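Below is one structure; the comments refer to it alone.
The values are calculated or read from the model by the stated rules, or taken from the named source; none is laboratory data. Keep in mind the model is a prediction, meaning the values are calculated, not measured. Positions of Cβ are generated from backbone atoms using ideal geometry, with glycine treated the same way; all protein chains shown enter the neighbour counts. In case anyone asks, the SASA skips ligands and DNA or RNA and just uses the protein heavy atoms, side chains included. Shrake-Rupley method; radii C 1.70, N 1.55, O 1.52, S 1.80 Å.
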Protein chains: 2
Amino acid sequence: MEIITAKTAGFCFGVKRAIDIAFRMAAEKRKGVYTLGPIIHNPQVVEKLKRKGIVPLEDLKSKKDIQAVIIRTHGIPLRLSKEIASSGCEIIDATCPFVKKAQYYAKLLSEEGYQVVILGEKNHPEVQSLMSYADNDAIVVNAETPLPRLKKKIGLVVQTTQPLESLRKVLSGVLIHAKELKVYNTICNSTALRLRETERMARQVDVMFVAGGKNSANTTQLTRLCGSLSVPTYHIETASEIRKQWITNAKHIGITAGASTPDWIIHEVEERIRYIGGRQVGGNSKQ
Amino acid sequence: MEIITAKTAGFCFGVKRAIDIAFRMAAEKRKGVYTLGPIIHNPQVVEKLKRKGIVPLEDLKSKKDIQAVIIRTHGIPLRLSKEIASSGCEIIDATCPFVKKAQYYAKLLSEEGYQVVILGEKNHPEVQSLMSYADNDAIVVNAETPLPRLKKKIGLVVQTTQPLESLRKVLSGVLIHAKELKVYNTICNSTALRLRETERMARQVDVMFVAGGKNSANTTQLTRLCGSLSVPTYHIETASEIRKQWITNAKHIGITAGASTPDWIIHEVEERIRYIGGRQVGGNSKQ
């Protein structure tokens, strides 16, 4: 049995940065520092931070002693930034720098008179934040559903975790409407690389494990990708979920993980598979 | 036998306008008025104009009595415009208004700091003219050959007669390079409509006739399109080229024509097929 772990599995640059900021705040033991919502879509990390005193807020009114809020990687709507600022509360901005760029472009396109189109998942917090920067006037589209009727001057900005193929598909459709089209390809390369490595891996193994929060969009996307390649795929949050029958007869086992999955969870998944399989780990394992 | 002539066959708006300008000049009987090159890619029209005194120039030095030059639909390089103007010669500008728009956008993209990419045929006069407006710094690409290495900030403008499918294909490739992409879809709708009607027609008939100059790019494109759909296709300049064996056993015959093919040539093609076939014309004939 060979276990191969994707080199691109786990924390991306933006998540690593946000987690670092949150743990630094925890180390400083400042009172009244909260994250606005869970810092990342990973319950285990959120739990660890809680134990160190950094608790996620449901909203700004849910606690009375709020001194500072850490903004998570996805960013927040402009209106909420203003609300926090005017309440006298400090903003510790852990918005991913790539998301900040996308926010800036959404604003720019809107100011330049383009009909702003956002390729992404409508209810994702990043997209909600992007919309606010486009004066809440943007149209959110995805690659699966038909495009609505659009204007002739279109500005396109992309949720950083979208696959390039979706951008291609949407652009192809947008061309029916647009005479002038400005595109900021704000897709984060780390997502593309992770998707590419995962796809390559899924084509070579007998079973795929995707580790990460069930509510993490980019982890779910990895699971969907593997599933579409007809390899048995298991989306797990922790190693304890793995069942022996899943790997019976599997010679090659692939592990990948979303951008919000910490290394220690990936490591536990490897260990658990190795333990169940009762043999040695092989391949280009990450750890 | 049924003969169907495409509704979109023949002169487009820009060509009609240019021909009108040339014949108006002929009617005015002004001395020393020339066209710079053949006014359109149709030898029969050029011949007709010649007989009325409007002769095509090879270059500005080929005649001594040049008072005014008519610029044809494709436009001319900026440098040449300046040369003509500084020689004291009048410019009668019959550049297609849609090409003028593309020229303007090529200039704008260049000024805005984009690496200008022109989708089109490198040696086509329209593309040569577009290049000059992009400060001669533009890269010409097409949908058939791989893209060269491009910069991250790309401005795309399109030869007006390109098919939308080529733009889709090139855009898809450009996305690998570009982080910022501005596209002016300068494809002329009349070309798209003509291509679409021709394709639909070619799928329904037994033989296709494409009437137009052998040196007309858009006529050649129609021929190539029909050929790719495996219907026997004949590119003819005049009705006299049609051979009886081409239509033997053909029940449905389609006729289309490029943007530079005059109505009287299309009409002659219809008449000749009807004569050879020895039967009545049917379908939604144009004339």
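So for chain A, averaging the separation of alpha carbon pairs under 8 Å that are six or more residues apart and normalising by length, what relative contact order in percent results? Working shown, then result.
Working: 561 pairs, mean separation 68.8, N = 287.
Answer for chain A is 24 percent.
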A 1.4 Å probe over the protein heavy atoms gives segment A:134-252 a carbon and sulfur accessible-area percentage of 49 percent
Checking A:Asp263, A:Asp65, A:Asp206 against a Gaussian network model of chain A (alpha-carbon springs below 10 Å), the top fluctuating residue turns out to be A:Asp65
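Set the Förster radius R0 to 35 Å, insert the Cβ-Cβ distance between A:Glu83 and A:Phe13 as r into 1/(1 + (r/R0)^6), and round the FRET efficiency to 0.05. Mind showing how you got there, number by number?
On the way: r = 28 Å, r/R0 = 0.81.
Between A:Glu83 and A:Phe13 the formula returns 0.80.
Would you list A:Ser172, B:Ser240 from the most to the least accessible area, probe 1.4 Å?
Numbers: A:Ser172 35, B:Ser240 80 Å².
Of A:Ser172, B:Ser240, the descending order of accessible area is B:Ser240, A:Ser172.
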Here the FRET efficiency for B:Glu90 versus B:Arg224, based on Cβ atoms and R0 = 35 Å and rounded to 0.05, is 0.35
Taking the alpha-carbon centre of each part, the distance from segment B:35-71 to segment B:154-217 in Å is 29 Å
Interface residues of segment B:169-200, defined as losing at least 30 Å² of accessible area versus the chain alone with a 1.4 Å probe, are B:Leu171, B:Ser172, B:Leu175, B:Lys179, B:Glu180, B:Leu181, B:Lys182, B:Val183, B:Tyr184, B:Asn185
Rounded to the nearest 10 Å², the accessible area of B:Trp246 using a 1.4 Å probe with every protein chain kept is 60 Å²
Taking Cα pairs closer than 8 Å and at least 6 residues apart, the relative contact order of segment A:187-287 in percent is 31 percent
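Rg to Rh ratio, the protein assembly as shown, alpha-carbon atoms and Kirkwood radius? If you can, show how the numbers build up before the last one.
On the way: Rg = 31.7 Å, Rh = 28.2 Å.
In the protein assembly as shown, Rg relative to Rh is 1.13.
Using r as the Cβ-Cβ distance of B:Lys29 and B:Lys251, and R0 as 35 Å, what FRET efficiency do you calculate, to the nearest 0.05? Kindly include the intermediate steps, with their values, before the conclusion.
Details: r = 50 Å, r/R0 = 1.43.
Working from the Cβ atoms, E equals 0.10.
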Answer in debye to the nearest 20: the dipole magnitude of segment B:184-287 about its Cα centre, from +1 Lys/Arg and -1 Asp/Glu charges placed on Cβ, is 260 debye
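By the scheme Lys and Arg +1, Asp and Glu -1, what is the net charge of all other residues having a beta-carbon under 12 Å from that of A:Leu225?
On the way: positive: A:Arg194, A:Arg196, A:Arg200, A:Arg203, A:Arg224; negative: A:Glu165, A:Glu197, A:Glu199.
Local net charge: +2.
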Ordering A:Lys214, B:Lys82 by the accessible surface of their heavy atoms, 1.4 Å probe, largest first, yields B:Lys82, A:Lys214
In terms of the alpha carbon gyration tensor, root eigenvalues a ≥ b ≥ c, rounded if a/c is under 1.5 and otherwise prolate when a/b exceeds b/c or oblate, chain A is oblate
Measure of exposure for B:Arg79: accessible area at 1.4 Å probe, Å² rounded to 10, is 150 Å²
Averaged per residue, the 1.4 Å probe accessible area of chain A, protein heavy atoms only, in Å², is roughly 47 Å²
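In Å² (nearest 100), what accessible area is buried between A and B, both sides summed, heavy protein atoms only, 1.4 Å probe? Can you show the working numbers first?
Working: alone 14210 and 14170 Å², together 26820 Å².
Approximately 1600 Å² gets buried when A meets B.
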Ordering B:Ser260, A:Ser62, B:Ser230, B:Ser81 by the accessible surface of their heavy atoms, 1.4 Å probe, largest first, yields B:Ser230, A:Ser62, B:Ser81, B:Ser260
Label points for B:Leu193 built 7 Å along Cα→Cβ; distances to same position in the other copies, nm, shortest first, come to 5.0
Counting only protein heavy atoms and leaving out ligands, DNA and RNA, the solvent-accessible surface of A:Lys169 at a 1.4 Å probe, in Å² to the nearest 10, equals 120 Å²
